[in-house]
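Undergrad: Quick one: the structure is below, and I'll ask about it shortly.
The values are calculated or read from the model by the stated rules, or taken from the named source; none is laboratory data. Remember, predicted model here, so these are calculated numbers, not experimental data. Heads up, the Cβs are rebuilt from the backbone with ideal geometry, glycines too, and the neighbour counts pull from every protein chain shown.
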Amino acid sequence: AVVSTQSGHYGRGKGCYIVLEDVTSTFKKPSIMDLKMGTRQFSDTMPPEKIARKKKRSLMTTSNELGVRVAGIRSYNSTESCGHYHMDKMQGRELTTDSIQSAFRMFFFDG
């Protein structure tokens, strides 16, 4: 997992940023899942076309109904030919409320 170590103001403008620390760097085979949480994934300060695009994406993915979308998975699994299970953000967007369960099972599978 990656955790916040500090926060501050971004050098350009007044945007905020978070500095992250890779707490998995000492692990040999870390398993990582990136989730987008919530049904609203936009800010009121975004341009209207970007808000519309994000709303559409939410409606077309598990974000709308479940409030969560898989943005990526890398999970080490001895039964896979390459030794790990991988899912990118595009594959995560294809998951349904039924198939997301199998993605969680693959992530937590301990071989």
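Undergrad: Can you tell me which residue is surrounded by the most Cβ atoms within 10 Å (Cβ to Cβ) among those in the stretch 94-103 that are touching a strand residue (DSSP E or B) at 6+ places or on another chain (Cβ under 7 Å) and modelled with pLDDT of 95 or more?
TA: Keep residues of the stretch 94-103 that are touching a strand residue (DSSP E or B) at 6+ places or on another chain (Cβ under 7 Å), which gives 95, 100, 103.
Subsequent filtering for residues that are modelled with pLDDT of 95 or more retains 95, 100.
Details: LEU95: 20, ILE100: 18.
Selected residue: LEU95.
This table checks each residue for (1) in contact with a strand residue (DSSP E or B) (Cβ under 8 Å, 6 or more places away or on another chain); (2) in contact (Cβ under 8 Å) with a residue 24 or more places away in the chain; (3) among the small types (Gly, Ala, Ser).
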{"site": "ASP22", "(1), (2), (3)": "yes, no, no"}
{"site": "SER43", "(1), (2), (3)": "no, no, yes"}
{"site": "PRO47", "(1), (2), (3)": "no, no, no"}
{"site": "LEU59", "(1), (2), (3)": "no, no, no"}
{"site": "SER81", "(1), (2), (3)": "no, no, yes"}
{"site": "ARG105", "(1), (2), (3)": "no, no, no"}
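Undergrad: Do you know which of the residues in the stretch 62-78 that are among the hydroxyl-bearing types (Ser, Thr, Tyr) and not in a helix (DSSP H, G or I) is surrounded by the fewest Cβ atoms within 10 Å (Cβ to Cβ)? Please lay out each step first, then the result.
TA: Within the stretch 62-78, the subset among the hydroxyl-bearing types (Ser, Thr, Tyr) is 62-63, 75-76, 78.
From what is left, the residues that are not in a helix (DSSP H, G or I) are 75-76, 78.
Numbers: SER75: 20, TYR76: 17, SER78: 9.
Per the criteria, the residue is SER78.
Undergrad: Does SER81 fit the bill of being polar (S, T, N, Q) and either touching a Ser or Thr at 6+ places or on another chain (Cβ under 9 Å) or in a helix (DSSP H, G or I) (or both)? Give the steps one after another, and end with the answer.
TA: Values: polar (S, T, N, Q): yes; either touching a Ser or Thr at 6+ places or on another chain (Cβ under 9 Å) or in a helix (DSSP H, G or I) (or both): no.
Judged against the criteria, SER81 is not a match.
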